1. Exactly one of these conditions fails for residue A:570: (1) surrounded by fewer than 19 Cβ atoms within 10 Å (Cβ to Cβ); (2) away from every other protein chain (no Cβ under 14 Å); (3) free of Cβ contacts under 8 Å to residues at least 24 places away in the same chain. Give me its number.
2. Can you name the number of the only condition in (1) surrounded by 16 or more Cβ atoms within 10 Å (Cβ to Cβ); (2) away from chain B (no Cβ under 14 Å); (3) closer than 30 Å to residue A:453 by Cβ; (4) out of contact with any strand residue (DSSP E or B) (no Cβ under 9 Å at 6 or more places or on another chain) that residue A:635 fails?
3. Kindly establish whether residue A:599 is out of contact with any strand residue (DSSP E or B) (no Cβ under 8 Å at 6 or more places or on another chain), outside any helix (DSSP H, G or I), within 14 Å of chain B (Cβ to nearest Cβ) and in contact (Cβ under 8 Å) with a residue 24 or more places away in the chain.
4. One residue is enough: does region B:428-436 have a residue meeting the conditions without any contact (Cβ under 8 Å) to a residue 60 or more places away in the chain and closer than 16 Å to residue B:348 by Cα?
5. Checking the condition within 18 Å of the chain's Cα centre (by Cα), in a strand (DSSP E or B) and on the phi < 0 side of the Ramachandran plot, which residue from B:473, B:440, B:434 passes?
6. Within region A:484-508, restricting attention to residues that are in a loop (DSSP other than H, G, I, E, B) and farther than 25 Å from residue A:403 by Cβ, which residue is nearest to the other protein chains (Cβ to nearest Cβ)?
7. Looking at this structure, is residue B:342 within 27 Å of residue B:306 (Cα to Cα) and either part of a loop (DSSP other than H, G, I, E, B) or within 14 Å of chain A (Cβ to nearest Cβ) (or both)?
8. Looking at A:465, A:461 in this structure, which one is under 18 Å from the mean Cα position of the chain (by Cα) and either surrounded by fewer than 18 Cβ atoms within 10 Å (Cβ to Cβ) or within 14 Å of chain B (Cβ to nearest Cβ) (or both)?
């Protein structure tokens, strides 16, 4: 940190005064974080526990306090709700202070982390007046961790939670992680994979609950509630019943008992996350029941304790016949859940993936946003880069998420964004929020690719405040991580901001998706999913490519959107280029809005994308000596791998389409 | 068995007279098999150990005996060599007998099994005069079994040898298996995977040798010698050395010690089977040595004990760049080993896969046969149906193997067949033979698909006597397995004989190979290996398909054959249709010798193949009630799976080529 700025900060941060109406572990934690954070930034520990009467200080308040008189009004404080805060510079001349005030201790904790971020990003403290409340009530992380220590779709080492079928005993890493979550404003975590295998089914049993509770304690200290993914067939697998029928009284009793047991161990337990009737997971369909029957049954068990059910909408026919062009996986979530709108209990939230397929580099928003009016919703994003380079490739996802959040569903006229639908604002739902699949593991840098940290960080920031721009988030993360060297900041910020477009350039074109190797999903394979049961096709032949999802001549998927959106996607003329092949089957000679033919667009973007990655390597090399050697080398080696692999993508995609279309590249570049 | 025939047999089989110059466990075993086999067939145990003087009997002789005077001459006996035998009806009127005579006890054992086969197939015993010697000296089975109990490319359950990292303690199944091997004339077995993983590396150590020796004992009782696959890097992994360089004295000492230890436990140990410098296995290349250096080093260690080294030629670049059309995996084995011809020790045998690629449904014979003049060779076949339906599909492989064995290399003019090259006859080599990868596991019926037993059986029979026809083998196996109901015999025989052609019809066309799902190799995936590192391409584009392997314009692979063969493959006109795409890249409109275009051939064979499988199901249904219900149902369910899966093959292949070529099926059938 610049010594001059450090000196200024030090003058503010000599002491921390804590005010609360009652003793609070969260507030103590907030104070501890301020002391530790300031101490490590400025090299000088502030004094904690003094009073505000001896010169400049930081005042940390939870709830009203006499010290806030004339600084934050009671009504203003109350309006902050359960998680908001005010950061305000106040005090008499000569004895100014910075107030970090929440209506609750949780708000004060988030305020403390915000204050630290101000220091990290070099902000002026003289005239602070920040009032913040999170946009989303539920700000959740889903861990797809298995108890054998593996992480489904994990690219950053092994699980920090489990090893060899047990919860780890050395929980230092979990503690650090809980801090990290709170620092970016997240408040909920499901600690096991939505694909609940045999061992994990037992997490809700008396045998394992004590160690789950120990983990919950760690997260509670940072204001994060713990959730568990549950196996819908638990009554059979663990309970010894012959059925898991949600309407069966024995099954209901089973779940009621489990809920009671869970809450005995974890009084503030968040609830259950459920993947049911999806990709071979058990669910209510087996018993001729619907998803509302299944979710409401679990909700009933959790209701006495204030718990909720997060029920995933990722339900589709995964034994589809590729010959059948009428069935459309994109339709599935809407077709399954739209008819149930209004039938779910108030403590059920439907978790809806951002797009209708599965976390592809480009998809339209799911039509369930704006399609469900009487049902709580949570938007599901994927931080872990399953289809976006698996943390070997740089792909900063905030711009993608921004597009999703800002997508206008027109459900209640213009401005009915996905963001408003997910938070519950659009239809005044009591619950709502955003969830995302974690990208962290036990790698030293958490995320494998160091720059992939920006996705986790950015997720938290965006969920708190969706109006933040991708630029702001990239800038913040870069400064916090690498400091304020302008060359470093501008280079890394630019790399992050360009990376999604670059990745899209050299992978599957124009919204068509997939074209990856089946199973592990890394690397190009144009026909990898073409003749499969997964409902993921591009229908390329020697004439053209794309999926006709129109009402007029295709699967009718466009009809799931509200009129204004539907008609935009329905017509080739108004459908945006970047989603053209998602919605339409067109000849390779079709001319895009860019003026290029589809085939030339494919060639051009793929040559360009691979070149862009080479440039990423070059600009990163320009930072040598400006950042520490370890981090420099680690990122460089990832970028070099990306550069090699981008060429593989380029060549496979281009060769596939040259061979298939027989149309030469206008520029005569080498295609194999 | 027909009661009339049984009565006739019974008259011959009242007693078994055993004659040997010295006590012999093998001869005792032969007698035991005769007693047990005859007893179970006729329901009446023969008396063993009598003399030939009391009426009809079976005379079992190892070596000369006074009882053979005037029946088998001493010179004739000697000419049988180590494994041959005579079956001859002889004796005075009223006191006739059947002599089963070998020059050795091993020959007598094989003769005894032959005699039992005569009974099983209902042959007349009155005028027997059979003289047999095996064509191949080494008649080997390779097990790709791992000590965790898995079997690489196994489709019939788990390993019969291993479980949980150990050799099984209940060895009943191994005992049965040793009998089975001897019954079909096999004399060598390698009991662990050529991909030698960590645990299996220790099979040659004092820790594990006692239990390996116990397994060797079981096989020895049936005349089968045991071999082990070894890890070339053992000196490092087990021996604590820093190198496995074959010229390093410490390394040589390591292997000499291991050999001594192995022979201490197993005095008749066969030798080492080695996969080196192949598919990421370690080998001499690491140390700048060649395969002769590596193999000869091991041969030196084994020589004092009469052991041999079986060294695989399956060596190729498995990190190939698919963009590079000059490198040709088909060339690899020849390019690696031809220059080393004559450099291998006398107790080294090179194991050469039948074709230049990897056990595809159709390949030309490897040019190493006839290409190596001064080197011992063994032909490697694959009984396990890795690429031929994985024992879910019916594919009787004897016709394929017959084509390979009969392939004329012209190395020493016409008649220089692969069979003669492999046995060593062609160039007068001291060692030679045939090896094959087992298709058995711990499934109750050994092979998963019951009818896949015919491949194992047929392998043994063919290796003993390559001039047997596929028809004879199919007939024999069917009668032995299902009895003599003419409807049953003719149906199953026909099914077996047609099955390879049927399988070829609906899978990859015209010798091009691959087009399977990567990794597990089951099911269609036309581009599955097209953009991979494995050297396995078809180069299909919208105009045509095939690999140009000619000298004139391609990879030059055809030049590895002797002139007569080379020129046949080099020219599109003389290249056989079924290998056209293996050797040539042609337009879809190229007209085959059949008069059809390539594209129409693809469509026609795929429609036909799928229909043929439906007919297999139908004719099998016609056997209901004629064979026992369990076996009927088991085969039916496999055939039904095949029928479904053949349609998947048909539709994927046809759709791929319709989409790619844009050329419609002349018959307007449904293609997707």
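1. Checking residue A:570 against (1) surrounded by fewer than 19 Cβ atoms within 10 Å (Cβ to Cβ); (2) away from every other protein chain (no Cβ under 14 Å); (3) free of Cβ contacts under 8 Å to residues at least 24 places away in the same chain, the one that fails is (1).
2. The one condition residue A:635 does not meet is (4).
3. Working: out of contact with any strand residue (DSSP E or B) (no Cβ under 8 Å at 6 or more places or on another chain): yes; outside any helix (DSSP H, G or I): no; within 14 Å of chain B (Cβ to nearest Cβ): yes; in contact (Cβ under 8 Å) with a residue 24 or more places away in the chain: yes.
So residue A:599 fails the test.
4. Just the residues of region B:428-436 that are without any contact (Cβ under 8 Å) to a residue 60 or more places away in the chain, to begin with: B:428-429.
Within this subset, residues satisfying the condition of being closer than 16 Å to residue B:348 by Cα are B:428-429.
The answer is yes, given that some residue of region B:428-436 is without any contact (Cβ under 8 Å) to a residue 60 or more places away in the chain and closer than 16 Å to residue B:348 by Cα.
5. Working: B:473 fails: in a strand (DSSP E or B); B:440 fails: in a strand (DSSP E or B).
Criteria check complete, one pass: B:434.
6. The initial filter retains those residues of region A:484-508 that are in a loop (DSSP other than H, G, I, E, B), namely A:484-485, A:507-508.
Next cut, farther than 25 Å from residue A:403 by Cβ only: A:484-485.
Numbers: A:484: 44, A:485: 40 Å.
Residue satisfying both the conditions and the ranking: A:485.
7. Numbers: within 27 Å of residue B:306 (Cα to Cα): yes; either part of a loop (DSSP other than H, G, I, E, B) or within 14 Å of chain A (Cβ to nearest Cβ) (or both): yes.
So residue B:342 passes the test.
8. Working: A:461 fails: either surrounded by fewer than 18 Cβ atoms within 10 Å (Cβ to Cβ) or within 14 Å of chain B (Cβ to nearest Cβ) (or both).
The match here is A:465.
The values are calculated or read from the model by the stated rules, or taken from the named source; none is laboratory data. Everything quoted here is computed from the prediction, not taken from an experiment. Note that each Cβ is placed from the backbone with ideal geometry, even for glycine, and that neighbours are counted across all protein chains shown.
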